[in-house]
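Below is one structure, written out as structure tokens; comments come after it.
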Amino acid sequence: MEVGAGGERDRGSLIILMITLALVLLVSSLGLINISNNFLAKRELVEIGEVAVTRAAHQISLARYYSGNILMDNSAADGAQFRIPLDCVKALASFTEEISTSTLRAHPISMTNWSCANDEVVATIEVEIPVLLELPFGIGSSTTLVSATIAATSIIGGLRG
């Protein structure tokens, strides 16, 4: 069987094409592994944040509670519910204590935003973690910033009319 005039040249260009596709596949695979790692890190950060914000939402303002100064929440499908009044100062202290003692993959977590209003606490936390696999050719960075916003509202119970 004879090879045509351009046969050897075509064979060489196919090898270059295959090598290029293999490199693209390798870089894409590494990128997908890092994306999956970031997704799992975000889930872990949300779990840590949920523990801290739940602890913060348990800081009751006893003065408001016993004075009857409580809010109604009419967003429930089965009727109005009372919210437990929160002490925002104690809630912030409790949240920051919990976050300051927590780490994500041995990296400290920091709080970037805090809000406590209408007996609801909302916080944004973040952590900078190294990427799992560094991409070749200087693509991407060596760390990833992962952030999460979490919230909690406390409710006592419904009204029966």
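The values are calculated or read from the model by the stated rules, or taken from the named source; none is laboratory data. As the structure is a computational prediction, the values presented were derived from the model and not from experiment. Cβ atoms come from the backbone with ideal geometry, glycine included; neighbour counts cover every protein chain shown.
Counting the residues of segment 28-59 that are buried (at least 16 other Cβ atoms within 10 Å of the Cβ) and not in a helix (DSSP H, G or I) gives 2. ALA22: more than 18 Å from SER110 (Cβ to Cβ) and in contact with a strand residue (DSSP E or B) (Cβ under 6 Å, 6 or more places away or on another chain), yes or no? Answer is no for this residue. The set of residues in segment 98-113 that are in a strand (DSSP E or B) and surrounded by fewer than 18 Cβ atoms within 10 Å (Cβ to Cβ) comprises THR103, HIS107, PRO108, SER110, MET111, THR112, ASN113. Selection over segment 67-97 of residues that are part of a loop (DSSP other than H, G, I, E, B) and either at pLDDT 65 or above or within 18 Å of SER115 (Cα to Cα) (or both) gives a count of 8. For segment 144-161, a tally of residues being modelled with pLDDT of 75 or more and surrounded by fewer than 12 Cβ atoms within 10 Å (Cβ to Cβ) returns 1.
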